[in-house]
Amino acid sequence: MTATIPVEEDLLPSEADVRSYEEHGWYLSKKLLTDAEVDVLAAASDAFYAGARTRRLGKRPSTLAYWEPSHGPVQRHNDYIHYESDTIGTILRKPVIGAVAARLARAAEIRLFQSTLIYKPPRPEEPTNLVPWHFDLHYWQTCTSDRMLTAFIPFHDCDEEMGTITMVDGSHRWTEIGGGDSTTRHFAHRDPAELDQLVRDNARHNGAEMRPVPMVIPKGHMSFHHCRTYHGSGANRSGRPRRAISLHLQDGENRYREYGLSDGTPVRYNHDHFVRRTPEGTPDYSDPDFCPVLWQSHR
């Protein structure tokens, strides 16, 4: 459903904030969710881990991130949480989140693209807790847009001790090298050392300093980053789980495009297994069941 409820102007990024986002590739929001809303997210995620579902995905493509108890005390990732939990999905569709994204992307419309529930256990030695450097657009090469962005939404105050999300400042403006077929594979299926070398090679190629910026995020706030901003996260050394949702967002102009590897093998995104088809028979990235509109300009 299209958002028609106006939001408080003072919650939105200023023009100076937008210019800073365009320069640095990230933005720390004001308090967009109440403590009560964040607590609902946490409670609903507990219910989800215990087996509660509003509905279930009909397929399990091999690239789907979907933690189950049998996987053990690793870092948990569960895609399509907005689809499988209406309680969580309702909060993620809060109009102000879309309005902030729209202003940052200078877009007239923002649709939800994907969402992943994340649980990083307080186990510093656990290898899956370390998220290597990557940027999201590598996995979205079937998308036409380069204005997509991600909101990282922790369920609590989140800092370096908890292994918060960390941005490589300004990396979204780099000219990329080394972007071969392997970049379409999720970071969980690649060598972290290889990804670390890739970001360093790109920094060197661009004559840039590689400057990591940890996001220190108070409860109810969130960080936004550009789809080409390199980011990752470290170990959770806090003694308590780091819980969050990664909310991927698309501007209204984004569409599916065919994209192939160097040998002609077509790249498939998970949406291509789930969303409805356009009249031309291609995946529809505006399917309201999976990619609802969060915000449209009223002007």
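Please treat every number below as a calculation from the coordinates, not as lab data. No experiment lies behind these values; they were computed from the predicted model shown. Note that each Cβ is placed from the backbone with ideal geometry, even for glycine, and that neighbours are counted across all protein chains shown.
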### Query
Hey, with R₀ at 41 Å, roughly what FRET efficiency would residue 259 and residue 47 work out to, going by the Cβ-Cβ distance, to 0.05?
0.65
### Hull-based mean projected area of the stretch 176-277, where the convex hull spans the alpha carbons, in square nanometres
9.8
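Using the count of nearby Cβ atoms within 10 Å as a rough guide to exposure, how do 130, 11, 249 rank from fewest to most? If you can, show how the numbers build up before the last one.
Numbers: 130 17, 11 14, 249 30.
In order of increasing Cβ crowding within 10 Å: 11, 130, 249.
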#### Entry: Expected 222 nm ellipticity per residue - DSSP helices of 4 or more, -39500 (n - 2.57), all of the chain, to 500
-6000 deg cm²/dmol
### Query
At q = 0.10, 0.13, 0.15 Å⁻¹, what is the log10 ratio I(q)/I(0) for the chain, with the Debye formula run over Cα points and no solvent?
-0.52, -0.93, -1.30
### Task
Return the lysines within reach of residue 31: Cα separation strictly under 20 angstrom, same-chain partners fewer than 8 residues apart disregarded; answer none if there are no such residues.
94, 219
### Message
If packing is taken as the average number of other Cβ atoms within 10 Å across a peptide's residues, how do 53-62, 26-35, 161-170 rank, most packed first?
### Response
161-170, 26-35, 53-62
### Task
Highest first, please rank the peptides 40-48, 214-222 by the mean number of other Cβ atoms sitting within 10 Å of their residues.
214-222, 40-48
